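This report refers to the structure that appears directly beneath it.
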Amino acid sequence: MAKLLEGKVAVVTGSGQGIGRALAMRFAAEGASVVTNNRGSKRTSNQQISEEMYNTIPEEKRKKLEQYYDDMTGNAETTAAAIKEKGGAASPFYADISKFDQARDLIEYAVKTYGKIDILANVAGAFGFGSICDISEETFDRVVNTKLKGYFNTMHFAAPYMVEQNWGRIINCTSRAFMGDVILHPEYCAANAGVVGLTRAAAIELYPHNITCNAFAPFARTRASVDMEAALSLSEEDKARLFTKGFVGPTVEMSPGPEGMTAFLAWLCTPAAARVSGSVFSLAANSISLHSEPEVCSSIIKYSPENWTIEELDRQLPRGIFASYTSIAEPHK
């Protein structure tokens with residue numbers, strides 16, 4: 001059976017573990033030469049909750065969480081080695097894509113090593129917990145700089161090569177959090193909403209050059225799943241600082257493996273997907289969902305040279321724009 005990405009060159013950011021690793025290995029299995037990437041060779045510590053909070057989790061539960069972290073540990077080198085063991089072509093490159101010059105070095109490494117870049121998959125990410133009232137500037141910057149600025153950085157340097165060869169595929173990882181969330185992490189919602197906007201802008205700009213750009217919101221068993229389970233293992237008082245009331249999240253064991261979604265993502269990188277661009281997909285195992293396009297759902301117009309008065313709006317809005325309105329902020333029963 002022919003390999004769908006034979007002869008293509010792909011860069012996959014955040015491919016040391018989780019979804020990025022699974023996608024890099026799928027690209028390689030389909031014949032692509034892959035540059036694997038993450039920030040460094042060492043496993044980062046649990047960054048989502050404080051050490052003080054983490055230590056309040058019962059010891060047996062912490063042991064289980066640590067085992068999950070150990071099982072999911074990896075980096076660009078281990079992923080590249082796994083690809084080579086299966087007969088594929090891969091080269092690791094450590095770079096923090098939130099740094100403009102390091103993102104440039106990553107893309108140039110791919111071109112120097114394999115002669116071109118055809119596919120850019122941005123999967124690198126970060127997140128943290130905290131309400132809009134108490135989240136730190138450091139956390140906001142760390143998350144947004146990785147998942148939004150970092151994606152711009154790699155796209156900025158990869159797109160000219162794709163334009164020159166008149167072909168390319170860009171895939172950006174977002175999250176359903178781009179619509180807002182019941183988890184208290186406004187910086188993560190902002191970063192992922194930015195990824196959607198960046199993806200749509202690039203799709204429109206680059207489409208005439210046979211370059212597509214799409215985003216996907218995954219649900220899968222990853223390092224972030226372990227971080228979530230750790231947070232949900234805290235006391236009710238501590239959880240109230242991280243989640244809206246009544247939130248019950250999935251456990252690591254309940255979450256599907258990331259491998260299930262990679263076939264679709266690989267398909268997006270084939271000639272068959274040439275017309276698919278600027279879209280957002282939600283993916284979980286064998287489930288593939290396409291998000292609708294944002295559109296105006298109701299409006300009112302005053303046919304007069306005079307501006308609306310507040311009294312007029314008070315009469316017209318309830319039976320016009322807000323006739324069947326529901327706020328996302330209102331608790332659902």
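Residues of segment 117-149 that are farther than 27 Å from residue 53 by Cβ and either in contact (Cβ under 8 Å) with a residue 60 or more places away in the chain or of a type in the set (Ser, Thr, Tyr) (or both): 117, 118, 119, 120, 121, 122, 123.
Per-residue answers, yes or no, for (1) out of contact with any strand residue (DSSP E or B) (no Cβ under 6 Å at 6 or more places or on another chain); (2) among the aliphatic types (A, V, I, L, M):
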site	(1), (2)
80	no, yes
90	no, yes
94	yes, no
102	yes, no
108	yes, no
118	no, no
121	no, yes
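Against the conditions (1) of a type outside the set (Asp, Glu); (2) surrounded by 17 or more Cβ atoms within 10 Å (Cβ to Cβ); (3) in contact with a helix residue (DSSP H, G or I) (Cβ under 9 Å, 6 or more places away or on another chain); (4) under 27 Å from residue 269 (Cα atoms), where does residue 156 fall short? Just the number, please. The number of the failed condition is (2).
For beta carbons closer than 8 Å, sequence separation of 6+ or different chains, a first residue in segment 55-83 that is in a loop (DSSP other than H, G, I, E, B) and a second that is surrounded by 18 or more Cβ atoms within 10 Å (Cβ to Cβ) and among the basic types (Lys, Arg), the qualifying pairs are 72/223; 74/21. Of 201, 240, 215, all but one fail to be of a type in the set (A, V, I, L, M) and either buried (at least 18 other Cβ atoms within 10 Å of the Cβ) or touching a residue at least 12 places away in the same chain (Cβ under 8 Å) (or both); the exception is 215. When you scan segment 121-144, how many residues do you find that are of a type in the set (Lys, Arg) and farther than 22 Å from residue 76 by Cα? Total meeting the criteria: 0. Filtered by the rule that a residue be under 30 Å from residue 221 (Cβ atoms) and in contact with a helix residue (DSSP H, G or I) (Cβ under 9 Å, 6 or more places away or on another chain), segment 292-330 gives a lone residue, 328.
The criterion of being buried (at least 16 other Cβ atoms within 10 Å of the Cβ) and either among the hydroxyl-bearing types (Ser, Thr, Tyr) or over 26 Å from residue 144 (Cα atoms) (or both) does not hold for residue 235.
Scanning segment 88-143 for residues that are part of a loop (DSSP other than H, G, I, E, B), among the charged types (D, E, K, R) and under 30 Å from residue 164 (Cα atoms) yields 96, 99, 116, 118. Identify the residue in segment 213-258 that is over 20 Å from residue 192 (Cβ atoms) and among the polar types (S, T, N, Q) and, among all such residues, is nearest to the chain's Cα centre (by Cα). Ranking the candidates gives 251 first.
The numbers here are math on the coordinates, done by the rules we state, and not lab data. Not measured: the values here are computed from a predicted model. Here the Cβ is made from the backbone with ideal geometry for all residues, glycine too, and neighbour counts use every protein chain on show.
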